[in-house]
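So the structure is just underneath, and the comments pick up after that.
Derivation of every value follows stated rules applied to the coordinates shown; laboratory data play no part. Please read these numbers as outputs of a predicted model, since none were measured by experiment. Every residue, glycine as well, gets a Cβ built from its backbone with ideal geometry; the counts of neighbours run over all protein chains shown.
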Amino acid sequence: MKTFMAKAADVERKWYVIDATDLPLGRLASETARILRGKNKPIYTPYVDTGDNVIIINAEKISVSGQKLDQKIYFRHSEYVGGAKYTKMRDMLAKKPEWVVEHAVRGMVPHGALGDKMFKKLHVYAGPEHPHAAQKPETLTLNV
């Protein structure tokens with residue numbers, strides 16, 4: 001018997017829509033990363049991008065537990081002296097809710113060229129509307 005290893009030509013990509021309303025951020029991110037990697041398919045191969053495209057809507061309505069809204073801090077630096085910026089999760093959700101979800105998912109896909117390819121298949125929108133109706137995405141409900 002031979003072990004089946006998928007090639008890029010073997011992959012058929014689907015489009016999924018996930019409504020993030022009242023879903024915990026971490027569980028939403030881990031399930032999304034699983035779909036982006038293709039781990040939900042029987043042809044999953046670690047070194048091939050076998051994943052599907054994912055659209056997340058209502059990113060502004062995610063939920064987090066505990067005191068994360070006030071205690072979780074996002075850090076960035078401008079590369080200039082004294083250029084450190086610290087932003088609380090509450091402020092980031094008010095300004096850029098899409099970025100919060102993308103940041104969580106990005107940490108759960110591989111870090112490198114393959115992970116970059118997988119991450120490009122993620123589309124996050126703050127509200128309920130998205131411009132991908134032509135791709136006929138399937139609605140996906142997560143059991144979290």
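Within 22 Å of GLN135 (Cβ to Cβ) and assigned to a loop (DSSP other than H, G, I, E, B), is that true of ILE18?
It is false that ILE18 is within 22 Å of GLN135 (Cβ to Cβ) and assigned to a loop (DSSP other than H, G, I, E, B).
One residue stands out among those in the stretch 3-43 that are over 13 Å from the mean Cα position of the chain (by Cα) and among the hydroxyl-bearing types (Ser, Thr, Tyr): the one that is farthest from VAL109 (Cα to Cα), which is THR3. Looking only at residues of the stretch 6-32 that are touching a strand residue (DSSP E or B) at 6+ places or on another chain (Cβ under 9 Å) and of a type in the set (A, V, I, L, M), we find that the one that is nearest to LEU69 (Cα to Cα) is LEU25.
Residue count for the stretch 105-140 satisfying the condition of being in a loop (DSSP other than H, G, I, E, B), over 15 Å from the mean Cα position of the chain (by Cα) and more than 23 Å from TYR47 (Cα to Cα): 8. Listed by first and then second residue, the pairs linking a residue in the stretch 33-55 that is free of Cβ contacts under 8 Å to residues at least 24 places away in the same chain and at negative phi to a residue that is of a type in the set (Ser, Thr, Tyr) and surrounded by 21 or more Cβ atoms within 10 Å (Cβ to Cβ), with Cβ atoms under 6 Å apart and 6 or more places separating them unless they lie on different chains, are LYS41/THR50. Within the stretch 62-84, the residues that satisfy the criterion of being of a type in the set (D, E, K, R) and out of contact with any Phe, Trp or Tyr (no Cβ under 9 Å at 6 or more places or on another chain) are LYS68, ASP70, LYS72, GLU79. Considering only residues in the stretch 44-90 that are part of a helix (DSSP H, G or I) and under 20 Å from the mean Cα position of the chain (by Cα), the one that is surrounded by the most Cβ atoms within 10 Å (Cβ to Cβ) turns out to be ALA59.
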